[in-house]
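Below: the structure, in structure tokens.
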Amino acid sequence: MRDFGKMKRIIIKIGSSSITTSDLSINKNLIDFLMKSFLDFKKMGIGVALVSSGAIALGMHELGLKRKPKEMSLKQACASVGQAKLMEYYNFFAEKYNLKCGQILVNHDDFEDRKRMLYLSNTLDAMFKNDIIPILNENDALAVEEIKVGDNDTLAALVAPMIDADLLILFSDIDGLYDKNPKIYNDAKMIEEVSSINDDIKKMCGANTSIVGTGGMITKINAAKIVTTAGCNMIICNSNMIERLIDIINGENIGTLFIKNENSFTSREHWMIYKTHSKGKIIIDDGCKNALLNNKISILPKGIIGVSNVFLKNSIVDIVDKSNNILAKGISNYSSSEISKIQGMESSLVLSIFGPESKKEVIHANNLVILKEEF
Ligand code: GLU
């Protein structure tokens, strides 16, 4: 048995292959069961958010398409038809159990922009306070590559810390994490608990992508990294176990549990690492690297030996060593072109170039986060 303590909020992700049947029509029994369980959760004092895939798959069904369209705009049209259908069913079954649900559609930039993330967080909070079940999905009808989260395992993992979830459950067509690909090796064993996502764990993610879903095991492991470093547990399990949802949250050993880290990142650090895309790189020398890793010092111009990509001041950048290993992420006080003028200089000289009001640190220690492992 697993001991999750007293849980207040959980987040559940359902994949496209679970929400639809083999002919891509909606799995009504599943939605009915979910809403019935959410009523039980409400009685137990547990708030729940749902990340539901299925918009594109249902849209394909509605439009009579057998394959996922390659053309972006047709995929988006499918999503717009399918998302409306999806919510129709969620609302129907929510009403059956006297529950209320609301739709939230997001893209990556809703997380990357801290102000928008705050609005999103406030909306979610208001929904929980008013007993409304948030049903989230990517805004696929508008999503293009640059702004996409890309898969709902990651999306659920990005939302989990925002609602202070105690547990994220990813329901999919995979039983859990196996030590080798169970479709190929019949002696493959499922791992019950993972306490650290190390290289051995990453190696276990064989190609496991399903026909209609987007994520494979790798997106699930990445999701686990995102949530466990924010202090939230995560379980991967097969959606054919959904009838045992209450047993799962009561701690029965179903699926693979990824145990939360005790030393989790602060919410600002977590945002910088997982919710932002770096706009460029600052390359530092070995002296600066050692000081950074040992004492988390500010990055001064003197320790900088190069810069790559064009970025504006206040951009999030990677701090890399000479061999291009990413050591940290931070918010730069200077643009890339300003940094190329001052790299290697003493700070006093910098102040004489940009004026006494200018900052002597290119990145202040408070605005950087050291990456403890390869991200
Ligand atoms: N957002 C997609 C949809 O609703 C699914 C993405 C995923 O499968 O992870 O169709």
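List of remarks:
- Chymotrypsin sites (Phe, Trp or Tyr not before Pro) within segment 155-259: DSSP coil, no more than 12 neighbouring Cβ in 10 Å: 185
- Amide H contacts of residue 258: 194, 234, 235, 236, each under 5 Å away and 5 or more positions distant or on a separate chain (H built 1.01 Å from N in the peptide plane; Pro and chain starts excluded).
- Taking every protein chain into account, the 1.4 Å probe leaves residue 288 with about 10 Å² of accessible area, to the nearest ten.
- Of all accessible heavy-atom area on segment 101-177, the percent that carbon and sulfur account for (1.4 Å): 47
- Unsatisfied cross-links (Cα-Cα over 20 Å) in the set 148/220; 220/281; 13/260: 220/281
- Only aspartates and glutamates eight or more places from residue 36 in sequence, or on another chain, were considered; those with a Cα closer than 14 Å are 95, 243.
- Projecting label points 7 angstrom from Cα along Cα→Cβ for residue 309 and residue 113 puts them 1.9 nm apart.
- DSSP-assigned coil residues among GluC sites (Glu not before Pro) in segment 302-375, each with at most 13 further Cβ atoms within 10 Å: 346, 357, 373, 374
- Taking every protein chain into account, the accessible area of the chain amounts to 47 square angstrom per residue (probe 1.4 Å).
- Spatial offset of segment 174-203 relative to segment 98-131 amounts to 33 Å, using the alpha carbon center of each.
- Distance between the modelled labels on residue 200 and residue 365, one decimal in nanometres: 3.6 nm (7 Å Cα→Cβ projection).
- Only helices enter the 222 nm calculation for the chain: every DSSP H run of n ≥ 4 contributes -39,500 (n - 2.57), and dividing by all residues gives -10500 deg cm²/dmol, rounded to 500.
- Charge dipole of segment 1-121 (Cα centre as origin; +1 on each Lys and Arg Cβ, -1 on each Asp and Glu Cβ, all else neutral): 320 debye, rounded to the nearest 20.
- With 5 Å bins from 0: P(r) over segment 272-323, alpha-carbon pairs, percent: 5, 20, 28, 25, 18, 4
- Charge tally for residue 320 (other residues, Cβ to Cβ under 10 Å; Lys, Arg +1; Asp, Glu -1): +1.
- Gyration tensor (Cα) of the chain, equivalent ellipsoid semi-axes in angstrom: 41, 23, 20
- Segment 1-130: Rg to Rh, with Rh as the Kirkwood radius over Cα pairs: 1.00
- Each other residue within a Cβ distance under 12 Å of residue 255 adds +1 if Lys or Arg and -1 if Asp or Glu, for a net charge of -2.
- Neighbourhood charge, 15 Å Cβ-Cβ cut-off, centred on residue 335 and excluding it, Lys, Arg +1 and Asp, Glu -1: +3
- Most mobile of 188, 79, 223 in a GNM of the chain (Cα contacts under 10 Å): 188
- Annotation: extensible slack from residue 346 through residue 185 equals 52.0 nm (criterion: 0.36 nm per residue apart, minus Cα-Cα distance).
- Between residue 28 and residue 295, residue separation times 0.36 nm minus the direct Cα-Cα distance comes to 90.6 nm.
- Largest to smallest in accessible area, the residues 277, 364, 108 fall in the order 277, 364, 108 (1.4 Å probe, all protein chains included).
The values are calculated or read from the model by the stated rules, or taken from the named source; none is laboratory data. Keep in mind it's a predicted model, so treat the numbers as computed, not measured. Methodologically, a virtual Cβ is constructed for each residue, glycine included, from the backbone with ideal geometry; neighbour enumeration extends over all protein chains shown. Side chains included, ligands, DNA and RNA excluded: accessible areas come from the protein's heavy atoms. Shrake-Rupley method; radii C 1.70, N 1.55, O 1.52, S 1.80 Å.
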